[in-house]
Amino acid sequence: MNKNRNFWIFLIILVVLATVYQTYERRHIDSAPRIIEPRGELAGFERTTIALFENSAPSVVYIFTENAVAGFFGTSQIRQGAGSGFLWDDMGHIVTNFHVVQGAQRIQVRMDSGEAIDATFVGASPNQDLAVVRLRKVPPGIQPIPLGRSSDLKTGQAVFAIGNPYGLSRTLTTGIISALNRRLPTAEGSDVTNAIQTDAAINPGNSGGPLLDSAGRLIGVNTSIISGSGSSAGIGFAVPVDVVNAVVPQLITHGKVPHPGIGIIVLSEEAAASLGQTGVVIDRVLPGSEADSAGLAGIDYRRRILGDIIIEIQGRKVKNITEFTRYIETFEIGQTVEITVQRNGQRRTLSVTIMDIS
């Protein structure tokens, strides 16, 4: 009996040991690195995108700002901001959005090398949401971004955005031009016409960064996104490079850009449409402006009465704010134009002098 019992115990031990060994061997084999499959050559569009980023990224910078704001009990607090920009020339001028550096008491620029350099404010054009700052110390070998043209862009054309969204530097996103000739509201009562609409992801921190074509040329400055959540799940816009190339040299030379206007604040197109009005509905007239001198009137909110609605400029019909802005910008500051308005169903024509509203 003992011999049989010992035999069965021995057999059970052998089975257990064999099972343990097989389990260990299987785990050992399963944990071994897998064989890497050869990839082959990158696709042509991938090589092009990589080359575009490597060539363009050194021209893109990260902008940090500090400004003092009023805190509780009369104390002063430092508020920090951030955005993107790009090298305009070899003198250290950097282009960004006006809202990135607006009110900043200190501006620092982080270069592609990682070096942070203090910068001074040169000038801005709030109406185009553009600004120029200059590096206090210009590193050797800086690489200004190549310029393209926005007048010949096509919807569907590939675009590339480089910037620093959410503090993540050197970020590349891609997409297409979704639409052209959009209206981009900027400063109060003003907007950029012919703005570029894109589906390339533009997030907070991308503002002021470049929008590039497939040749790596600047075609726009990323400036805003329309999104319910504030994330990239929306519509991005860029100031067209033709506007940038006209504005930036004036900012470098004079610190500002004359902007023709008449001195009015207008209702948005959506608000005007909700009132069943076609044309440019004047919300209010700026005191002391040329519009004020000419006798134009805005909305009387106390009595709930509409004021003047601009329907023609120099005999050309004006249907919306975009047309109004486009027409006004064709005149010289100091030039007198005939503006036809409608009030209470009555038409009248006024002579208004174009003024600088910058």
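Output the relative contact order of the chain, whole-number percent, from Cα pairs under 8 angstrom with separation of 6+ residues. Present the calculation step by step, with values, prior to reporting the outcome.
Numbers: 783 pairs, mean separation 42.3, N = 358.
Relative contact order, the chain: 12 percent.
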## Note on the structure
Residue-normalised 222 nm signal for the chain, counting each DSSP H run of n ≥ 4 as -39,500 (n - 2.57), nearest 500 deg cm²/dmol, is -6500 deg cm²/dmol
#### Entry: Spin-label proximity, Asp90 to region 116-150 - amide N less than 16 Å from point 7 Å beyond Cα toward beta carbon
138-147
## Note on the structure
With Cα coordinates, the longest principal axis of the chain makes an angle with the long axis of helix 2-30, in degrees rounded to 10, of 30 degrees
#### Entry: Cα-based helix-to-principal-axis angle, 241-254 vs the chain, degrees rounded to 10
70 degrees
### Task
Within the chain, what's the longest run with no trypsin sites (Lys or Arg not before Pro) in a DSSP loop and at most 12 other beta-carbon atoms within 10 Å? Give the range, please.
155-301
### Message
On C-alpha positions alone, give me the angle between the axis of helix 44-56 and the longest principal axis of the chain, in degrees, nearest 10.
### Response
60 degrees
### Solvent-accessible area, 1.4 Å probe, carbon plus sulfur percent, for the chain
53 percent
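Per residue, what accessible area does the chain have, given a 1.4 Å probe and all protein chains present, in Å²?
Values: 19680 Å² over 358 residues.
Accessible surface, normalised per residue, equals 55 Å².
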### Query
Which whole-number percent is the relative contact order of region 248-346 (Cα, under 8 Å, 6+ apart)?
26 percent
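I need the shape label for region 222-340. Rule: rounded when a/c is under 1.5, else prolate if a/b > b/c, else oblate, with a, b, c from the alpha carbon gyration tensor. Kindly include the intermediate steps, with their values, before the conclusion.
Details: a/c = 1.96, a/b = 1.18, b/c = 1.66.
Taking the square roots of the gyration eigenvalues as a ≥ b ≥ c, region 222-340 is oblate.
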## Note on the structure
Highest mean packing first, using Cβ neighbours within 10 angstrom, the peptides 83-90, 113-120, 239-246 sort as 83-90, 239-246, 113-120
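Looking at the square roots a ≥ b ≥ c of the eigenvalues of the Cα gyration tensor of region 289-351, which shape do they give, rounded for a/c under 1.5, prolate if a/b is larger than b/c, or oblate?
Prolate, since a/c reaches 1.5 and a/b exceeds b/c.
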### Task
Work out from phi, with θ = phi - 60° and the Karplus expression 6.51 cos²θ - 1.76 cosθ + 1.60, the ³J(HN,Hα) of each residue of region 140-147, listed in order in whole Hz, and give x for Gly and Pro.
x, x, 5, 10, x, 7, x, 9
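Would you please name the chymotrypsin sites (Phe, Trp or Tyr not before Pro) within region 259-358 that are DSSP coil residues with at most 10 other C-beta atoms within 10 Å of their C-beta? Write out the running numbers ahead of the final one.
Details: sites: Tyr301, Phe324, Tyr327, Phe331; in loops: Tyr301, Phe331.
For chymotrypsin sites (Phe, Trp or Tyr not before Pro) across region 259-358 that sit outside H, G, I, E and B with at most 10 neighbouring Cβ atoms in 10 Å, the list reads Tyr301.
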### Message
What does the extension gain come out to for Ile13 and Ala179, with contour length at 0.36 nm per residue minus their alpha carbon separation?
### Response
52.1 nm
### Query
How big is the chain on each of its three principal axes, counting only the C-alpha atoms and giving the largest first in Å?
124, 56, 53
### Message
What percent of all Cα-Cα pairs in region 237-287 falls into each 5 Å bin, going from 0 up to the bin containing the maximum distance?
### Response
5, 16, 15, 13, 15, 19, 12, 5, 1
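The values are calculated or read from the model by the stated rules, or taken from the named source; none is laboratory data. Keep in mind that what you see is a predicted model, and the values were worked out from it rather than measured. Here the Cβ is made from the backbone with ideal geometry for all residues, glycine too, and neighbour counts use every protein chain on show. With ligands, DNA and RNA removed, areas are computed over all heavy atoms of the protein, side chains included. Shrake-Rupley method; radii C 1.70, N 1.55, O 1.52, S 1.80 Å.
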